[in-house]
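To keep things clear, I will list the structure first and then write my remarks on it.
The values are calculated or read from the model by the stated rules, or taken from the named source; none is laboratory data. If you're wondering where the values come from, they're calculated on a predicted model, not measured in any experiment. Note that each Cβ is placed from the backbone with ideal geometry, even for glycine, and that neighbours are counted across all protein chains shown. These area figures cover heavy atoms from the full protein model, side chains too; ligands, DNA and RNA do not enter into them. Shrake-Rupley method; radii C 1.70, N 1.55, O 1.52, S 1.80 Å.
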Amino acid sequence: MTPPPQKELVDGLKADWKKLWQERFDDRLRAEGIAVTDYSSLFVDRGTIIHATRDFKALNFKEILERHQVENPDRLIQPNPEVGGWNKFIKSEITSRKPKRNQRAAAYQFEKKEIQQPKKGGRGWLHK
């Protein structure tokens, strides 16, 4: 069974997207990332600023998929980190659950011993 053509298109776009971010030129003086080659499938030309620190609208993979008219692009990419991604879901829903405690063990309480005054004011046996 062959995968649908949209799946192949999205896989190719993801490969180009990854290559774009790996091969970018980081201009440390201006604090921006610049595309090194043309990526016509991603609508990015050589020399396009793909990442900057101020007054910049970052590239969005979802918008690229929408320009390629891919059906339901939300199911093909991870959620936006501002909304909450997979890590936030794992932290809030999976790891935050506390294990059930044994009721019998919870009912048992240890006897608390009265704390004695330490010898030598807690300095131990050595003298200087």
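Numbers at a glance
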| item | result |
| --- | --- |
| Rounded FRET efficiency, nearest 0.05, which uses the C-beta distance separating Glu93 from Asp27 and R0 of 41 Å | 0.55 |
| Residues listed by number, segment 12-36, amide nitrogen under 19 Å from Arg54 label point at 7 Å toward C-beta | 27-34 |
| Contour minus Cα-Cα distance for Arg46 and Arg123 (0.36 nm per residue) | 20.7 nm |
| Length gained when the stretch Trp86-Glu66 is fully extended (0.36 nm per residue, less Cα-Cα span) | 5.0 nm |
| Per-residue SASA entry for Ile90, accessible area with 1.4 Å probe, Å² rounded to 10 | 70 Å² |
